[in-house]
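Below you'll find the structure, written out as structure tokens, and then a few comments.
The values are calculated or read from the model by the stated rules, or taken from the named source; none is laboratory data. What you see is a predicted model, and the numbers here were worked out from it, not measured in a lab. Neighbour counts run over all protein chains shown; Cβ positions are idealised from the backbone, glycine included.
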Amino acid sequence: MKRPALSVVMMLSLLLISCNPLEIFRTTKPSNDGYWYVKNQTSETLRLRQFSEEGEIRDDDPLNPGDSICIKMCGVEEGLYFGFEWLCRSRYDGYLRVEIRSSTGALLKNWPLTGQGHPEDRFYEESSWRYYHPFRFVHSWVFDLLPEDLEPQNAASGTEPEGSAS
């Protein structure tokens, strides 16, 4: 009678030692999560505003000097290709554009997240972002917002960037 109980205990011990027993309870596949942040490297407090596909405006978030705000987060199932260019795939999180405004509300910069931005703007160049891979399924990119990024693109004409209507 002691032998079957001893056999069960030994089999359970081997099972616990040889594999991860919690793996059998996993019901979803792991996903790769991507986060894109804008970090204020200027000396002034700015405001960050995001616009959705439905035209909704998310509240202006204060962006103090040295602070960062996540402008996008998305996840894809493990095994699917995932990279920096997902920043401009709005269908996954619904945001079409990000604006940087002064503390008084004046538009300083407009970045469409639909791939229609100005190619000469360093915001759209992956090399302008710092990449972090802190955990197996987490990918983060940080854009350092510099004072020169806030200079008007059409400085000669004195006009605001396209799409700046509130």
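In table form, for the structure just shown:
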item	result
Scope the stretch 109-137; condition at pLDDT 90 or above, touching a helix residue (DSSP H, G or I) at 6+ places or on another chain (Cβ under 6 Å) and assigned to a helix (DSSP H, G or I); matching residues	128
Condition check for residue 83: more than 16 Å from residue 149 (Cβ to Cβ), modelled with pLDDT of 75 or more and touching a helix residue (DSSP H, G or I) at 6+ places or on another chain (Cβ under 9 Å)	yes
Subset of the stretch 22-61 that is of a type in the set (Lys, Arg) and more than 15 Å from residue 109 (Cβ to Cβ) - its residue that is modelled with the highest pLDDT	58
Residue 101 being surrounded by fewer than 14 Cβ atoms within 10 Å (Cβ to Cβ), at pLDDT 90 or above, of a type in the set (D, E, K, R) and assigned to a strand (DSSP E or B)	no
Sole residue being outside any helix (DSSP H, G or I), small (Gly, Ala, Ser), under 18 Å from residue 38 (Cβ atoms) and at pLDDT below 75, chosen from 164, 140, 157	164
